[in-house]
Amino acid sequence: MSNLDTAPSPTDIGEGGELAAHAGTGPLARVLRARDVPLGGPRAMRVRRTLPSRERTTIGAWCFVDHYGPATGERVMVVPPHPHTGLQTVTWLVGGEALHHDSVGSEATIRPGQLNIMTSGHGIAHGEQSLDGGDPLHGVQLWVALPEEHRHQAPHFEHHAELPVRTADVDGTTVRTTVLAGTFDGLTSPAATYTPLVGAELRTDGPVRLRLPLDPAFEHGLLLVDGAATVVGAPEEAAPGAGDLVDLGDDRDDVEVVVTEPSTLLLLGGAPFGERLVMWWNFVGRTHDEVVASREAWQSRDDRFGVVPGWADDSWLRAPELPNVRLRPRG
């Protein structure tokens, strides 16, 4: 999945800007409401997006969070070849199956509990489509910004069919923890990361009260994928709905979560990302001119992005028109 907006708004993140990264906020418990975004037009799949937002643009290096589904029917998700630069795409499913192809020759079917992580480096293209006949498609698409020293590397792809998992009984409720990225509660993911990060799914089969250990040097957020849960300390009227993200701020040793029914939560965190970013469409860069050059390279079918096998040459997505202003930090 990707940012397929036909008219993406410029998102610039920098010190002092209107969309500042908000490092050093201290502990928070505010709910970032997901906004509904159609991907590629009114008949296309719709997602619920929480990052970037006005209140918070990054959590560590996590810079993009879309929640989608559950959705049924034929060809629920068909995302033709499109480019990426300067980021990692992280695909996580809780239902259904999807097939990935990319321009470095990777082909992988992802299922719930498995991880696809694609490092774009200086440039990659990929396409994705859901597979029919199984459970409804339901998942999360995440991006991680690559730091300067790693963002120009050669692109590569990882599929992890097995990840570290811990199952525990907490007051009669089964809690299953799976670590996607980094280390959480003694479990470490095999996925490659380039800044200090954590990503962990917590799935419960009933109501439970959880105390999650956190690294106080990290910023954290808690995404409600399904079910019902609240963060202790948040106003009652601010209870998150499916697809909403609770911004936990930083400087926390733990967070207490009250789950009231079978639920799936995704904990995201990381060290504050100390670089200025320019995000537009599927590119994460540092300057307006860099994004323009990436767009022109994609439009001209430059070798930089390669060819995605299994897709017709005329199926690739054309980039939207750039806005009539330079992409720069706001404020």
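The values are calculated or read from the model by the stated rules, or taken from the named source; none is laboratory data. All values reported here derive from a predicted model rather than from experimental measurement. Reconstructed Cβ throughout: ideal geometry from the backbone, glycine too, with neighbour counts over all protein chains shown.
The residue pairs whose first member lies in the range 92-120 and is closer than 17 Å to V140 by Cα, whose second member is of a type in the set (F, W, Y) and buried (at least 18 other Cβ atoms within 10 Å of the Cβ), and whose beta carbons are closer than 6 Å, counting only pairs six or more residues apart or on different chains, are M118/F157. With a requirement of 2 or more residues that are among the acidic types (D, E) and either at pLDDT 95 or above or surrounded by 13 or more Cβ atoms within 10 Å (Cβ to Cβ) (or both), the strands (runs of 3 or more DSSP E) lying completely within the range 141-226 that satisfy it span 219-226. If the condition is being of a type outside the set (S, T, Y), within 19 Å of A154 (Cα to Cα) and modelled with pLDDT of 95 or more, then the range 291-302 contributes V291, A293, R295, A297, W298.
Every residue in the range 215-234 that is in contact (Cβ under 8 Å) with a residue 60 or more places away in the chain and over 12 Å from V258 (Cβ atoms), please. Within the range 215-234, F218, E219, H220, G221, L223, V225, D226 qualify. Filtered by the rule that a residue be farther than 13 Å from C63 by Cα and either in contact with a His (Cβ under 8 Å, 6 or more places away or on another chain) or not in a strand (DSSP E or B) (or both), the range 248-273 gives L248, G249, D250, D251, R252, D253, V255, T260, E261, P262, L267. Consider I117 carefully, then state whether it is surrounded by 23 or more Cβ atoms within 10 Å (Cβ to Cβ) and more than 16 Å from the chain's Cα centre (by Cα). Judged against the criteria, I117 is not a match. Mind checking whether some residue in the range 107-118 is part of a loop (DSSP other than H, G, I, E, B) and small (G, A, S)? Scanning the range 107-118 turns up at least one residue that is part of a loop (DSSP other than H, G, I, E, B) and small (G, A, S). Taking the criterion of being under 20 Å from the mean Cα position of the chain (by Cα) and either free of Cβ contacts under 8 Å to residues at least 24 places away in the same chain or at negative phi (or both), the residues of the range 235-248 that qualify are P240, G241, A242, D244, L245, V246, D247, L248.
One residue is enough: does the range 44-54 have a residue meeting the conditions part of a loop (DSSP other than H, G, I, E, B), in contact with a strand residue (DSSP E or B) (Cβ under 8 Å, 6 or more places away or on another chain), modelled with pLDDT under 90 and of a type in the set (A, V, I, L, M)? Taking every residue of the range 44-54 in turn, at least one turns out to be part of a loop (DSSP other than H, G, I, E, B), in contact with a strand residue (DSSP E or B) (Cβ under 8 Å, 6 or more places away or on another chain), modelled with pLDDT under 90 and of a type in the set (A, V, I, L, M). Put simply, of L4, L19 the only residue that is within 19 Å of E321 (Cα to Cα), surrounded by 21 or more Cβ atoms within 10 Å (Cβ to Cβ) and either among the hydroxyl-bearing types (S, T, Y) or modelled with pLDDT under 70 (or both) is L4.
No other residue among A125, A154 is in contact with a helix residue (DSSP H, G or I) (Cβ under 9 Å, 6 or more places away or on another chain), over 17 Å from W92 (Cα atoms) and either touching a residue at least 40 places away in the same chain (Cβ under 8 Å) or of a type outside the set (F, W, Y) (or both) apart from A125.
Working only within the range 291-306, note down all residues that are among the hydrophobic types (A, V, I, L, M, F, W, C) and either buried (at least 18 other Cβ atoms within 10 Å of the Cβ) or more than 24 Å from the chain's Cα centre (by Cα) (or both).
Step one: of the range 291-306, the residues among the hydrophobic types (A, V, I, L, M, F, W, C) are 291-293, 297-298, 305.
Within the range 291-306, V291, A293, A297, W298, F305 meet the criteria.
Summed over the range 227-247, residues that are in a strand (DSSP E or B) and surrounded by fewer than 20 Cβ atoms within 10 Å (Cβ to Cβ) total 0.
Looking only at the range 283-297, filter to residues that are β-branched (V, I, T) and in a helix (DSSP H, G or I); which one of those is farthest from N324 (Cα to Cα)? Step through it out loud before you land on a result.
Start the filter on the range 283-297 by keeping residues that are β-branched (V, I, T), which leaves 284, 287, 291-292.
Checking the rest, the ones that are also in a helix (DSSP H, G or I) come to 291-292.
Numbers: V291: 14, V292: 12 Å.
Ranking the qualifying residues of the range 283-297, first place goes to V291.
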